[in-house]
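To keep things clear, I will list the structure first and then write my remarks on it.
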Amino acid sequence: MAGILAVGRLLAVPHLLFAHWGSVWGPGWTDVHVRLPALLLVAALTAAAGGLVAFRGGRGWAGHRAVALGAPRRLSAPAGLLAPAALVAAVWVLALGIVPAGVQRFWVEPNEISFEAPYIAHSIELTSHGFGLAGIEEREFPATGRFTAETARQNREVLQEARLWDWRALDAVYRQFQEIRLYYEFVDVDVDRYRIGEDYRQVMISARELEVGNLPEQSQTFVNLHFKYTHGYGLTMAPVAEFTPEGLPRLLVRDLPPVAAFPELAVERPQIYYGELTDTHVYVNTREEEFDHPRGDQNVTIRYAGRGGVALSSLWRRFVVGWMFDGTRFFLSEYPTPESRVMFHRQIRDRVARVAPFLVLDDDPYLVLAEGRLHWLLDAYTTSAYFPYSEPFSSVERIAVGDGGSGIAQRVVPHLQGARYVRNSVKAVVDAFDGTVDLYVFEPDDPLIRAWAAIFPGLFQPREAMPAPLRAHARYPADLFLAQGLVYAKYHMRDPQVFYNQEDLWVRATENYYGRVVPVDPYFVMWHPPGAPAGSVEFTSIQPFTPKNRQVLIGWLAGLSDGESYGRLL
């Protein structure tokens, strides 16, 4: 037992890397100069006491045997065992509890900045590294406040793509004018960019998914839910800054079947069998034709001709599928044939999570139209709560409601709560028609994804293997960018003394949205980065900051997404 306790104290030594005493995340002065020696001392004393007890126990057993044989009694074994145990217990309490707490309280805290400065510097450096901020480019940009006609001419490509549509308002417009039927639904509106002819355009795109729960109750039958209504259909796309004379968005892709304003946006395979709302199983290519899309007061039907799902090629497979899902209703149905297929795990986040459950998934998948087909792109992260000296991410954010206001607490990016290390190591691509999942590594230097790739050979592909039409739509992920911004708002302070006093703490800028004070979420813009060729623009995510309790812009963070600049933080 003493040996186990001694080893346990030795194993506690590396955990000092994740300690938190006072203002330091990671080992501070007390950890290094008091708790570390104390752990080693306690481990040595515990092991020595265990050896002594074992030795005396052996002597005591020998003495008892001698007494049993008639020899005189010279040793009391219990008394010899209690003294070492009492000594070790006293040292444990003093060395691991009372002494470190006393030193921290009465010696370090009154002189904290002097004692902890080098350890605060370690925490700043390694927290920045843990959240991918070590390579951030910092510079000052003069704001002259002058805007002239010449400024407009020099920045025409940027200004014509300035987003005028709020995605929340546009989502309501899409629902009103493009859902077409009650069983269709737009989940949200995503911002992306497409090259249309000679122009590089920023657009707002939304998938038209099928929500079977919107069918009338009397229509939610077994056949309708699993054989008839199997997929969503098409998408709606609009530029970020154009309106019709009636004040509606000028749609680039619209209606059923999809009508594209440009050949580059033609949708050849509009069916969405795998999406954000597809949380039920369906049977396809059966004797019962599937509903495809409405045409006037008639319905167009199809039979699935892809490779998604599992083939029902034998009686045994039909039996197993019936046992898993619908029992005798399916097993006795006449609709399935040997060419039929069953599709399940169709919700894209669930689908990717089943392929790679060790990845943390972004909350915002987005639809991409590439070469006439629809694909879902989903960012995935490798995270760790064990990165030394790094402050764990807190998803609780306090939003100021006015100068000096106490603020309102809210949760943001909860799936990264507690992480000390985050990398957007993987981009997942899910084909909306056949459900194929491909995982591409975008952070090959990340040790975590390298370890997972070694464990599961063939699961991941390099970034270069992603088809170019899809790679052109890779975005700097919103959840990671928001988390990095919240960390950077504090850790842009590099001087330990300034950091200790929190002299230059930033917060996210806020806006008044329909009478509510809300933080400004990171938003995408077409931007001309410093040093880029004249006339060129890049798809960039921007996050503005203000000083705490002041409503003036003090800085912003930009995350670039295009080409070789992907992942650059400015």
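The values are calculated or read from the model by the stated rules, or taken from the named source; none is laboratory data. Values in this document were obtained by computation on a predicted structure and should not be read as measured data. Note that we place each Cβ from the backbone using ideal geometry, even for glycine, and neighbour counts take in every protein chain shown. Side chains are part of the model used for accessible areas, which takes the heavy atoms of the whole protein and leaves out ligands, DNA and RNA. Shrake-Rupley method; radii C 1.70, N 1.55, O 1.52, S 1.80 Å.
Filter the range 85-111 for residues that are open to solvent by 60 Å² or more (accessible area, probe 1.4 Å) and β-branched (Val, Ile, Thr); which is modelled with the lowest pLDDT?
For the range 85-111, the residue satisfying everything is Val93.
Mind listing just one residue for me: the one in the range 307-337 that is of a type in the set (Phe, Trp, Tyr) and modelled with pLDDT of 90 or more and, of those, most open to solvent (accessible area, probe 1.4 Å)?
First, pick out the residues of the range 307-337 that are of a type in the set (Phe, Trp, Tyr): 316, 319, 323, 325, 330-331, 335.
Among the residues that remain, those that are also modelled with pLDDT of 90 or more are: 316, 319, 323, 325, 330, 335.
Values: Trp316: 172, Phe319: 101, Trp323: 198, Phe325: 66, Phe330: 0, Tyr335: 74 Å².
Of everything passing the filter in the range 307-337, Trp323 is most open to solvent (accessible area, probe 1.4 Å).
Yes/no matrix, rows are residues, columns are (1) modelled with pLDDT of 85 or more; (2) more than 16 Å from Leu251 (Cβ to Cβ):
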| site | (1), (2) |
| --- | --- |
| Arg139 | yes, yes |
| Ala143 | no, yes |
| Arg146 | no, yes |
| Asp171 | yes, no |
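In this structure, does Phe456 turn out to be surrounded by fewer than 16 Cβ atoms within 10 Å (Cβ to Cβ) and among the aromatic types (Phe, Trp, Tyr)? If you could, list the steps in order and put the result at the bottom.
Numbers: surrounded by fewer than 16 Cβ atoms within 10 Å (Cβ to Cβ): yes; among the aromatic types (Phe, Trp, Tyr): yes.
Against the criterion (surrounded by fewer than 16 Cβ atoms within 10 Å (Cβ to Cβ) and among the aromatic types (Phe, Trp, Tyr)), Phe456 qualifies.
I want to confirm something. Restricting to the range 508-541 and keeping residues that are closer than 19 Å to Ala472 by Cα and aliphatic (A, V, I, L, M), which single residue is farthest from the chain's Cα centre (by Cα)?
Ala532
For the range 391-398, state whether one or more residues are within 30 Å of His281 (Cα to Cα), among the β-branched types (Val, Ile, Thr), surrounded by fewer than 21 Cβ atoms within 10 Å (Cβ to Cβ) and touching a residue at least 12 places away in the same chain (Cβ under 8 Å). Explain how you work it out, then say what you get.
From the range 391-398, those within 30 Å of His281 (Cα to Cα) are none; that's our starting set.
The answer is no; no qualifying residue exists.
Determine if the range 112-135 includes at least one residue that is assigned to a loop (DSSP other than H, G, I, E, B) and open to solvent by 50 Å² or more (accessible area, probe 1.4 Å). Lay out the reasoning, then the answer.
Just the residues of the range 112-135 that are assigned to a loop (DSSP other than H, G, I, E, B), to begin with: 131-135.
Now restrict to residues that are open to solvent by 50 Å² or more (accessible area, probe 1.4 Å): 134-135.
Within the range 112-135, one or more residues are assigned to a loop (DSSP other than H, G, I, E, B) and open to solvent by 50 Å² or more (accessible area, probe 1.4 Å).
Out of (1) among the small types (Gly, Ala, Ser); (2) out of contact with any strand residue (DSSP E or B) (no Cβ under 6 Å at 6 or more places or on another chain); (3) modelled with pLDDT of 95 or more, the odd one out for Gly247 is which?
Exception for Gly247: condition (3).
Among (1) in contact (Cβ under 8 Å) with a residue 12 or more places away in the chain; (2) open to solvent by less than 70 Å² (accessible area, probe 1.4 Å); (3) closer than 22 Å to Lys490 by Cβ, where does Glu138 come up short?
Failed condition: (2).
Looking only at the range 538-565, filter to residues that are touching a Gly at 6+ places or on another chain (Cβ under 9 Å) and part of a loop (DSSP other than H, G, I, E, B); which one of those is surrounded by the fewest Cβ atoms within 10 Å (Cβ to Cβ)?
Filtering the range 538-565 for residues that are touching a Gly at 6+ places or on another chain (Cβ under 9 Å) and part of a loop (DSSP other than H, G, I, E, B), the one surrounded by the fewest Cβ atoms within 10 Å (Cβ to Cβ) comes out as Gln551.
Of all residues in the range 19-46, which are open to solvent by less than 50 Å² (accessible area, probe 1.4 Å) and either assigned to a helix (DSSP H, G or I) or in contact with a Gly (Cβ under 7 Å, 6 or more places away or on another chain) (or both)?
Initial filter on the range 19-46 (open to solvent by less than 50 Å² (accessible area, probe 1.4 Å)): 19, 22-24, 26-28, 30-31, 34, 38-39, 42-43, 46.
Ala19, Gly22, Gly28, Thr30, Asp31, Val34, Ala38, Leu39, Val42, Ala43, Thr46, listed by residue number.
Residues checked against (1) touching a strand residue (DSSP E or B) at 6+ places or on another chain (Cβ under 6 Å); (2) without any contact (Cβ under 8 Å) to a residue 60 or more places away in the chain; (3) within 16 Å of Pro27 (Cα to Cα); (4) among the aromatic types (Phe, Trp, Tyr):
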| site | (1), (2), (3), (4) |
| --- | --- |
| Ile98 | no, yes, no, no |
| Val108 | no, no, yes, no |
| Phe115 | no, no, yes, yes |
| Glu125 | no, no, yes, no |
| Arg146 | no, yes, no, no |
| Ala152 | no, yes, no, no |
| Glu157 | no, no, no, no |
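Residues in the range 444-459: is at least one in a strand (DSSP E or B) and either within 17 Å of Asp364 (Cα to Cα) or within 17 Å of the chain's Cα centre (by Cα) (or both)?
Filtering the range 444-459 down to residues in a strand (DSSP E or B) leaves none.
No, that holds for no residue.
Against the conditions (1) farther than 19 Å from Glu211 by Cβ; (2) open to solvent by 50 Å² or more (accessible area, probe 1.4 Å); (3) not in a loop (DSSP other than H, G, I, E, B), where does Ala143 fall short? Just the number, please.
Failing condition for Ala143: (3).
Search the range 415-439 for residues that are within 27 Å of Glu125 (Cα to Cα) and pair each with any residue that is aromatic (Phe, Trp, Tyr) and in a strand (DSSP E or B) when their beta-carbon atoms are under 6 Å apart and the residues are at least 6 apart or on different chains.
Filtered contacts from the range 415-439: Val422/Tyr381; Asn424/Tyr381.
Kindly check whether there is at least one residue in the range 349-358 that is part of a strand (DSSP E or B), touching a Leu at 6+ places or on another chain (Cβ under 7 Å) and either open to solvent by less than 10 Å² (accessible area, probe 1.4 Å) or among the small types (Gly, Ala, Ser) (or both). Show your work before the answer.
Of the range 349-358, the ones part of a strand (DSSP E or B) are none.
Scanning the range 349-358 turns up no residue that is part of a strand (DSSP E or B), touching a Leu at 6+ places or on another chain (Cβ under 7 Å) and either open to solvent by less than 10 Å² (accessible area, probe 1.4 Å) or among the small types (Gly, Ala, Ser) (or both).
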